[in-house]
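Visitor: Sharing a structure, written as structure tokens. Questions coming.
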Amino acid sequence: MRTAFRLPSTLLLVATTVVPSLAATDLYVAPGGDNSNDGTETTPFATLERARDEIRAMRMSLGNSLGPVTVWIHPGVYALSQPVLFTEQDSGTAESPIHYRGLGSESPVFTGGAVLTAGRKKDNRDLLGMLPKASREHVQFYTLGQLLDDATAEPHTRALGKTMSPAPMELFCGASVLPRAGWPNAEWATAKLHPSKNNTLSLDRRLDPRDLTHCWVHGFWSYDWADSFDKASYSPVGTKMTEIAIHLDTKDGTIRNGARFRLENLLTELDAPGEWYIDSSTNRVVVWPSSTKDSRLVVSALETAFSIYETQYVTFEGLTIEGTRAMGIEVVGGRDIRLDNCTVRYSGNVGINLYHGHEHSIVHCKVHGTGSSGIRIEGGDRTTLESAGHTCMDNDIHDCCYSYCAQRPAVAVYGVGIQVHSNRIYNQPDAAIALHGNEHSVVSNEIHHVCQVADDAGAITLAHDPTFRGNHIVRNHIYDIGGQGHKDIVGIYLDDFASGTQVEGNVLERTVRGIVIGGGRDNLLEKNVIVDCLAGIQVDCRGQSWAKQVFQGETSIYQKYCAAISHDTDVYAERYPQLATVLDDEPQIAKGNTIRLNEIRCPISIDLQDGLSESIVQLEKNQIEAKSMLVNMDLHEASQTKMD
């Protein structure tokens, strides 16, 4: 056998110390700078793009001898007329990375929006006359002019299953996104179907017919887990105009009695500070400012602020990104892009989107005020189970999904091998974290006050595809979940045949159900603490009951999921041996689930449904302190019974 030759340690030390380190370079950017400057501390550049181009020139000149570069960015507002684009030529190396860093205690702000200038009331008398009397003295009028085109200003249909296009323009002031004027001001109205007309709602409310042209409707029409935003046509019912019929083109053609909905962009309902209205036919905006201290009104204009394509070894630290209609920051491909201590806010769709590449990280960031998910991460290869290596860690993510309320989590994860660790996620209409794919790690996150609008939802969810295996949900603290009147809210939801997941050491408090296995197999629920939920753990066998159609037919839905990734060959069979034989082992039955060493203090402890029993679900040494439930009995006053 050949023996490796090794230098003596003294010679090795000498050999490593004679390699010279590459010199570091500092560049500076400031709002009062000039792009004709040389980018030094005393004569800074004016824009980030100029600093980027300087680094390109240095790379062309010095090649691999270029050392680490730091671009120091002074505080102030940097208005973007187009996205800041980084490509492969803007890369650093592992030995000589590039760092764009905010300078000082205040974060530099890169905005994709434009500041509005108020017009005169006398030029807008037609709109002024439609406003409630109480608001007329407070409102301001703005003309967008050529700032936005019609397609940008006018809202468009948003719904589950539709491709997400850039959001229409939105308005923000100071630290908040301003809501469009509508009815009702808060919460939701309840749908009352017209007795003789299909897809028609009747409103017990008088509306000005002139105000209906630019009105849109946001509603949970068919289910409480799916909402849509629709342009509606209107017609009067009767002669007194006390009812208005709203005709909707819904996806499945049905509207429920009692569905929640809200009318948006009604000038006659602009009756509170912070509300606004847009007449997209004339590009005029009416606003009741929410504060006299910060009257700077900004309208979102650019689709994206930072676009980072196939770039490597670059860090963005201490920056604020705001005022976009699609994404604040997008990272596509590349390697080792790090977003550190950045604030991303006021994005019409997603705050930060990582798409493929390897070993990108989002750490110590604040993401809020986004129309859809705060953070979306996709990467890895589900065919080979190659890991993306992306990390989302120690971030504050809150108040997202104000436009898409359902099926849009605060953090959406797709692919293979993505870590979501130690984040704080709160104030969400739907899920905090939704997983799609394999071998993701969700560890030590603090999650509270989520699932506040959508129903049939979970704080952490994994759903639909039984080949999504190897995921770990460990040591998370989940508490105070759900909205008023919601009855199908879950802390950790392994929904619709999710399988092969480890759920260990989590603490769940005050939700309807702690952990649910929805028909899936081979899940391990171990050492979790579940307190003050209606039910601690629920396991159902929906494949034999209401969801049996998933297994029916010569080529069933379940079979198609398995065939899509060649479940019985190569890496899948090696990594998940139970999956390789699942189609020959009664896949409709929730076999292989183990529930052990959990501590449960709930009215219902472990609820096995659809004919499941301990002969199918393995129960081991769970410590249960169950409260007996009586009809109409206050759960807090229920007697307690000790059980082993």
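Visitor: Out of curiosity, is Thr152 exposed (fewer than 12 other Cβ atoms within 10 Å of the Cβ), at pLDDT below 90 and either not in a strand (DSSP E or B) or not hydroxyl-bearing (Ser, Thr, Tyr) (or both)?
Guide: Spelling it out, it is not the case that Thr152 is exposed (fewer than 12 other Cβ atoms within 10 Å of the Cβ), at pLDDT below 90 and either not in a strand (DSSP E or B) or not hydroxyl-bearing (Ser, Thr, Tyr) (or both).
Visitor: Looking at region 183-212, which of its residues are at pLDDT below 80 and among the hydroxyl-bearing types (Ser, Thr, Tyr)?
Guide: Correct list: Ser196, Thr200, Ser202.
Visitor: Report, by residue number, each residue of region 511-546 that is more than 28 Å from the chain's Cα centre (by Cα), surrounded by 17 or more Cβ atoms within 10 Å (Cβ to Cβ) and of a type in the set (Gly, Ala, Ser).
Guide: If the condition is that a residue be more than 28 Å from the chain's Cα centre (by Cα), surrounded by 17 or more Cβ atoms within 10 Å (Cβ to Cβ) and of a type in the set (Gly, Ala, Ser), then Gly543 is the only one that fits.
Visitor: Across region 552-574, what is the total count of residues that are more than 28 Å from Gln538 (Cβ to Cβ) and in a helix (DSSP H, G or I)?
Guide: Matching residues across region 552-574 total 7.
Visitor: Going through Thr117, Thr163, Thr111 one at a time, which residue ends up being of a type outside the set (Phe, Trp, Tyr), over 27 Å from Ala406 (Cα atoms) and modelled with pLDDT under 80? Break it down stepwise before answering.
Guide: Working: Thr163 fails: over 27 Å from Ala406 (Cα atoms); Thr111 fails: modelled with pLDDT under 80.
Going through Thr117, Thr163, Thr111 in turn, just one is of a type outside the set (Phe, Trp, Tyr), over 27 Å from Ala406 (Cα atoms) and modelled with pLDDT under 80: Thr117.
Visitor: Among the residues of region 108-145, write down those that are farther than 11 Å from Val286 by Cβ, β-branched (Val, Ile, Thr) and either surrounded by 20 or more Cβ atoms within 10 Å (Cβ to Cβ) or in contact with a Cys (Cβ under 6 Å, 6 or more places away or on another chain) (or both).
Guide: Thr111
Visitor: To continue, here is another question. Condition check: modelled with pLDDT of 95 or more, outside any strand (DSSP E or B), farther than 20 Å from Gly592 by Cα and not polar (S, T, N, Q). Does Val450 satisfy that? Step through it out loud before you land on a result.
Guide: On the way: modelled with pLDDT of 95 or more: yes; outside any strand (DSSP E or B): yes; farther than 20 Å from Gly592 by Cα: yes; not polar (S, T, N, Q): yes.
Against the criterion (modelled with pLDDT of 95 or more, outside any strand (DSSP E or B), farther than 20 Å from Gly592 by Cα and not polar (S, T, N, Q)), Val450 qualifies.
Visitor: Specify the residue that is farthest from His214 (Cα to Cα); the eligible residues are those in region 271-287 that are part of a loop (DSSP other than H, G, I, E, B) and over 29 Å from the mean Cα position of the chain (by Cα). Walk me through it before giving the result.
Guide: Here is the first cut: in region 271-287, the ones part of a loop (DSSP other than H, G, I, E, B) are 271-275, 280-283.
Subset that is over 29 Å from the mean Cα position of the chain (by Cα): 271, 281-283.
Numbers: Asp271: 17, Ser281: 9, Thr282: 11, Asn283: 12 Å.
Selected residue: Asp271.
Visitor: Here's something else I'd like to know. Counting only residues that are over 26 Å from the mean Cα position of the chain (by Cα) and either at pLDDT 90 or above or part of a helix (DSSP H, G or I) (or both), how many does region 82-104 have?
Guide: Of the residues in region 82-104, the ones over 26 Å from the mean Cα position of the chain (by Cα) are 88-99, 103-104.
Remaining after also requiring either at pLDDT 90 or above or part of a helix (DSSP H, G or I) (or both): 88-99, 103.
Qualifying residue count, region 82-104: 13.
Visitor: Considering only region 305-342, how many residues are more than 24 Å from Glu95 (Cα to Cα) and surrounded by fewer than 20 Cβ atoms within 10 Å (Cβ to Cβ)?
Guide: Matching residues across region 305-342 total 0.
Visitor: Does any residue of region 171-179 turn out to be at pLDDT below 75 and loosely packed, with under 14 Cβ neighbours inside 10 Å? Quick ask: steps written out before the conclusion?
Guide: Looking only at region 171-179, we keep the residues that are at pLDDT below 75, and these are 174-175.
Keeping just the survivors that are loosely packed, with under 14 Cβ neighbours inside 10 Å gives 175.
So far as region 171-179 goes, yes, one or more of its residues are at pLDDT below 75 and loosely packed, with under 14 Cβ neighbours inside 10 Å.
Visitor: For region 407-419, state whether one or more residues are among the polar types (S, T, N, Q), in contact with a strand residue (DSSP E or B) (Cβ under 8 Å, 6 or more places away or on another chain), buried (at least 19 other Cβ atoms within 10 Å of the Cβ) and not assigned by TED's automatic domain parsing to the domain that holds Gln578.
Guide: Looking only at region 407-419, we keep the residues that are among the polar types (S, T, N, Q), and these are 407, 419.
Add one more test, that the residue is in contact with a strand residue (DSSP E or B) (Cβ under 8 Å, 6 or more places away or on another chain), and what stays is 407, 419.
Filter once more, so that each one left must be buried (at least 19 other Cβ atoms within 10 Å of the Cβ): 407, 419.
Among the residues that remain, those that are also not assigned by TED's automatic domain parsing to the domain that holds Gln578 are: 407, 419.
Yes, because at least one residue in region 407-419 is among the polar types (S, T, N, Q), in contact with a strand residue (DSSP E or B) (Cβ under 8 Å, 6 or more places away or on another chain), buried (at least 19 other Cβ atoms within 10 Å of the Cβ) and not assigned by TED's automatic domain parsing to the domain that holds Gln578.
Visitor: Same structure, new question: For residues that are over 34 Å from the mean Cα position of the chain (by Cα), of a type in the set (Gly, Ala, Ser) and surrounded by fewer than 19 Cβ atoms within 10 Å (Cβ to Cβ), tally how many sit in region 28-71.
Guide: 7
Visitor: A further question follows. Which condition from (1) surrounded by fewer than 16 Cβ atoms within 10 Å (Cβ to Cβ); (2) modelled with pLDDT under 85; (3) closer than 18 Å to Trp188 by Cα is the one that Ser228 breaks?
Guide: Going through the list (1) surrounded by fewer than 16 Cβ atoms within 10 Å (Cβ to Cβ); (2) modelled with pLDDT under 85; (3) closer than 18 Å to Trp188 by Cα, Ser228 breaks only (1).
Visitor: While we're here: Just to check your reading of the model, which residue among Leu66, Leu12, Leu22 is modelled with pLDDT under 95 and either over 20 Å from Ala94 (Cα atoms) or among the polar types (S, T, N, Q) (or both)?
Guide: Values: Leu66 fails: either over 20 Å from Ala94 (Cα atoms) or among the polar types (S, T, N, Q) (or both); Leu22 fails: either over 20 Å from Ala94 (Cα atoms) or among the polar types (S, T, N, Q) (or both).
Step by step, each of Leu66, Leu12, Leu22 is checked, and only Leu12 is modelled with pLDDT under 95 and either over 20 Å from Ala94 (Cα atoms) or among the polar types (S, T, N, Q) (or both).
Visitor: For region 305-344, how many residues meet the condition of being over 19 Å from Ile397 (Cβ atoms), of a type in the set (D, E, K, R) and part of a strand (DSSP E or B)? Talk me through it step by step, then tell me what you get.
Guide: Residues of region 305-344 that are over 19 Å from Ile397 (Cβ atoms), as a first pass: 307-315, 325, 332-336.
Still in the list and also of a type in the set (D, E, K, R): 310, 325, 335-336.
From the residues that got through so far, the ones that are part of a strand (DSSP E or B) too are 335-336.
Adding up the residues that qualify gives 2.
Visitor: Another one. Restricting attention to region 402-420, which residues are over 30 Å from Cys562 (Cβ atoms) and touching a Ser or Thr at 6+ places or on another chain (Cβ under 6 Å)?
Guide: Let us first name the residues in region 402-420 that are over 30 Å from Cys562 (Cβ atoms), namely 402-405, 410.
Passing the criteria: only Tyr404.
Visitor: Out of everything in region 404-434 that is outside any strand (DSSP E or B) and over 11 Å from the mean Cα position of the chain (by Cα), what residue ends up being farthest from His472 (Cα to Cα)? Steps first, answer last, please.
Guide: Here is the first cut: in region 404-434, the ones outside any strand (DSSP E or B) are 404-410, 417-418, 422-423, 427-432.
This time we only want the ones that are over 11 Å from the mean Cα position of the chain (by Cα), so: 417-418, 422-423, 427.
Values: Gly417: 10, Ile418: 11, Ser422: 14, Asn423: 16, Asn427: 24 Å.
Ranking the candidates gives Asn427 first.
Visitor: Considering only residues that are touching a Phe, Trp or Tyr at 6+ places or on another chain (Cβ under 9 Å), in a strand (DSSP E or B) and within 22 Å of Gln609 (Cβ to Cβ), which ones fall in region 474-516?
Guide: Residues satisfying the conditions are Gly491, Leu508, Arg513, Ile515, Val516.
Visitor: Has region 41-64 got any residue that is under 30 Å from Arg180 (Cβ atoms) and not in a helix (DSSP H, G or I)?
Guide: Step one: of region 41-64, the residues under 30 Å from Arg180 (Cβ atoms) are none.
Within region 41-64, none of the residues are under 30 Å from Arg180 (Cβ atoms) and not in a helix (DSSP H, G or I).
Per-residue answers, yes or no, for (1) of a type in the set (A, V, I, L, M, F, W, C); (2) at pLDDT 85 or above; (3) at positive phi:
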residue	(1), (2), (3)
Glu264	no, yes, no
Val285	yes, yes, no
Arg296	no, no, no
Tyr309	no, yes, no
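Visitor: Looking only at region 553-568, decide whether some residue is touching a Gly at 6+ places or on another chain (Cβ under 7 Å), of a type in the set (A, V, I, L, M, F, W, C) and crowded, with 17+ Cβ neighbours inside 10 Å.
Guide: Our first condition is that a residue be touching a Gly at 6+ places or on another chain (Cβ under 7 Å); within region 553-568, this holds for none.
No: region 553-568 contains no residue that is touching a Gly at 6+ places or on another chain (Cβ under 7 Å), of a type in the set (A, V, I, L, M, F, W, C) and crowded, with 17+ Cβ neighbours inside 10 Å.
Visitor: Tell me which residues, restricted to region 566-579, are modelled with pLDDT of 90 or more and either out of contact with any His (no Cβ under 9 Å at 6 or more places or on another chain) or hydroxyl-bearing (Ser, Thr, Tyr) (or both).
Guide: At the first step, the residues of region 566-579 found to be modelled with pLDDT of 90 or more are 571-579.
Answer for region 566-579, where residues must be modelled with pLDDT of 90 or more and either out of contact with any His (no Cβ under 9 Å at 6 or more places or on another chain) or hydroxyl-bearing (Ser, Thr, Tyr) (or both): Val571, Tyr572, Glu574, Arg575, Tyr576, Pro577, Gln578.
The values are calculated or read from the model by the stated rules, or taken from the named source; none is laboratory data. What you are looking at is a predicted structure, and each value in this text was computed from that prediction instead of being measured. FYI the Cβ positions are ideal-geometry reconstructions off the backbone, even for glycines, and counts take in every protein chain you see.
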